[in-house]
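Enquirer: I'd like to ask some things about the structure below.
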Amino acid sequence: MKKMTKLTAVSMAAVLAAASLTACGSSTTPAASSAAETKAEAAGATEAAKEESAAPADGAASDKQLKVGICQLVQHSALDAATKGFIDVLKEEYGDNVFIDEQNAQGDSATCTTIINGFVSNEYDLILANATPALQSAMNATQDIPILGTSVTDYGTALAMDNFDASKGTGINISGTSDLAPLDQQEDMILELVPDVKNVSILYCSAEANSQYQASQIEKYLEEDGIAYKEFTFSDSNDLQSVVQSAVADCDAMYIPTDNTAASNMTVINNIVQPAGIPIICGEENMMKSGALATLSISYEDLGRATGKQAIEILSNGADVSTMPIAYAEATTKEYNKAYADAIGITIPDSYTAVE
């Protein structure tokens, strides 16, 4: 089998040295009653944050309390874990001397912009953008405040940079961590779990640039192995069900990249695909737990902790965010959903770890 050399970038090991080890809508978070209400709530929360952060918290040892804003695109387990890891590291380092304004955009990119504009006007010391749309909003909002991304697959794609070299940084006020697990190994899993596969449906949200990137890479590997494929894209959760029904009609396996909309709606996808007996290989662990067969897993909490270590380098040690390499997870694990495997009657190799 022909394979492309695994994506290389500066290892996350140095960033993780001090850390303990531990991909548009959402079905796990109640939707905001309207986009206008969500934006108003975000603006109000940021104004409250400004007032709260005006004076250091009780017991603060420093004259200046650091102010860090977190904009998370949507609530689902992977992004939640990355945010948790990031916050844990900052609290371990700074205690009450850091004020963290954590906000969720409820899957709305426009609300990301509202939230981040609030961070900028309040002159926060650093912004964490959790997921690609949040990162893009942050890039458009400020060229001065350091921005760190996490749960972002490919920074060159997300930031529209040609010939991007992750090992040299972005050259602007952005760095962060990538959640990309090697895509050649993900394609290997399709062939390993479905050795007679002839047709693969690739399902993702067309609004997510990094999902498009992952799909294009998987397609290259499928072509090298003579496997036919077809893309099935949905614009948001409203048309997801009909698109999934079309995708299931003519495939032996389904691939879903790390995609925030799909991740938030895996129950909807599972309810259609599993009864059809089709295995789903997906981009990350929490998507698999919620309704897919297998994944090449990384730890999103570790990813968030790594991003927190980058933040400390910037805030305490004066590191230049523009030259800070993008960090990647080294450790990956082949995992499978035992309930899904049992339901479709598939035997999983011993090299995979069962997740109940």
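Enquirer: Could you run the Karplus curve 6.51 cos²θ - 1.76 cosθ + 1.60 with θ = phi - 60° over the range 170-180 and give me ³J(HN,Hα) per residue in whole Hz, x for Gly and Pro?
Expert: Those phi angles translate into 8, x, 10, 7, 9, 8, x, 10, 10, 9, 6 Hz.
Enquirer: Same structure, new question: Sum up the charges of everything whose Cβ sits under 15 Å from the Cβ of Met161, counting Lys and Arg as +1 and Asp and Glu as -1, but leave Met161 out.
Expert: Around Met161, the charge tally is -2.
Enquirer: Rounded to two decimals, what is Rg over Rh for the range 193-343 when you use alpha-carbon atoms and the Kirkwood radius?
Expert: Rg divided by Rh gives 1.04.
Enquirer: How far apart, in nm, are the 7 Å Cα→Cβ label points at Ser235 and Ala276?
Expert: So the label points at Ser235 and Ala276 sit 2.2 nm apart.
Enquirer: When ranked by the protection proxy of mean other Cβ atoms within 10 Å per residue, highest first, what sequence do the peptides 150-158, 128-136 form?
Expert: Put in order of decreasing packing, that is 128-136, 150-158.
Enquirer: Moving on to the next point. Kindly provide the pair-distance distribution of the range 129-254 built from C-alpha pairs, with 5 Å bins from 0 and whole-percent values in order of increasing distance.
Expert: Going from the shortest bin to the longest, the percentages are 2, 10, 18, 18, 17, 14, 10, 7, 3, 1, 0.
Every number here is computed from the coordinates shown, using simple stated rules; none is lab data. Here the structure is a predicted model, which means the values were calculated and not measured. All Cβ positions, even for glycine, are placed from backbone atoms using ideal geometry, and neighbour counts span all protein chains on display.
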